Amino acid sequence: MAKKIIVSTTDDLPPHILKPEVHWQRAQGYLTMEMYEDAKRELRALPKEEPWEKRAKVFFLSIHQELEDWEEAQKSARGLRYEFPEEVDWWIADAYATRRCESITEARSILLEGLALHYDDGLIRFNLACYACVLNSPGECLDFLKEAVKRDEKFKLLAMEDDDLIDIREALLKLGWGKTIA
């Protein structure tokens, strides 16, 4: 497969470099209007210093996710995960994109590594439960779900609605989890 070669040109930036706040607001406006290339152009005009650099990286990730460009989303999320491993969001975003552009097994590996750093996080456990169910490991799935629910009861409702968990829905109903749905 041929790699894309991106050549930097003046088209990569807006015609005038303004205050970072202006480029940020413009990028948000373009995103709202689904004008993704214009939003990216505004983001590239932001300074390569904090807080703008991290904000731009997160914004790029959002654009890639919205476009369902999972390879680019994975690159963005992985970069954020390596740079900010203390933030659980990037572990989950990397796994989510990896599941879609590589495999659920690779995504699972990312979350298991993240679980070692974020042991008390319920969302990592919930996602691991989803992956276990899809990988036909219902026992492991239920174990992860129970641990997620210990951390936050909202995972009961999410479990009853998540398509990945359809194969264990009966077991969840037997646990009484269906009673939380209004």
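Only the coordinates and a few stated rules stand behind these numbers; no lab work does. Predicted, not measured: the structure shown is a model, and the values here were computed from it. When we count neighbours, we look across all protein chains shown, and the Cβ atoms used for this are built from the backbone with ideal geometry, even at glycine.
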- Item | Magnitude of the charge dipole, the stretch 81-175, Cβ model with Lys/Arg +1 and Asp/Glu -1, debye to 20 | 340
- Message: Considering all alpha-carbon pairs of the stretch 74-182, what whole percent are spaced by more than 23 angstrom?
- Response: 26
- Candidate aspartates and glutamates - alpha carbon under 18 Å from Lys19, same-chain residues fewer than 8 apart omitted: Asp38, Glu42, Glu49, Glu50, Glu53
- Item | Electrostatic dipole magnitude of the chain [Cβ: Lys, Arg +1; Asp, Glu -1; Cα centre; debye, to 20] | 100
- Sequence ranges 87-96, 54-63, ranked by mean other-Cβ count within 10 angstrom, highest first: 87-96, 54-63
- Message: I'd like the distance between the alpha-carbon centres of the stretch 135-176 and the stretch 23-45, rounded to an integer number of Å.
- Response: 39
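Within the stretch 135-182, list the trypsin sites (Lys or Arg not before Pro) lying in a DSSP loop whose Cβ has at most 12 other Cβ atoms in a 10 Å radius. Mind dumping the intermediate values first?
On the way: sites: Lys146, Lys150, Arg151, Lys154, Lys156, Arg169, Lys174, Lys179; in loops: none.
For trypsin sites (Lys or Arg not before Pro) across the stretch 135-182 that sit outside H, G, I, E and B with at most 12 neighbouring Cβ atoms in 10 Å, the list is empty.
Compare the peptides 120-133, 102-115 by average per-residue count of other Cβ atoms within 10 angstrom and give them in order, highest first.
On the way: 120-133: 23.0, 102-115: 17.8.
In descending order of packing, they fall as 120-133, 102-115.
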- Message: Calculate log10 I(q)/I(0) of the stretch 120-182 for q = 0.23 Å⁻¹, where I(q) comes from the Debye formula with a single equal point scatterer on each Cα and nothing for solvent.
- Response: -0.86
- ³J(HN,Hα) across the stretch 111-127 via Karplus (A = 6.51, B = -1.76, C = 1.60, θ = phi - 60°), whole Hz, x for Gly/Pro? 5, 5, 5, x, 4, 4, 8, 10, 4, 8, 7, x, 5, 4, 4, 4, 5
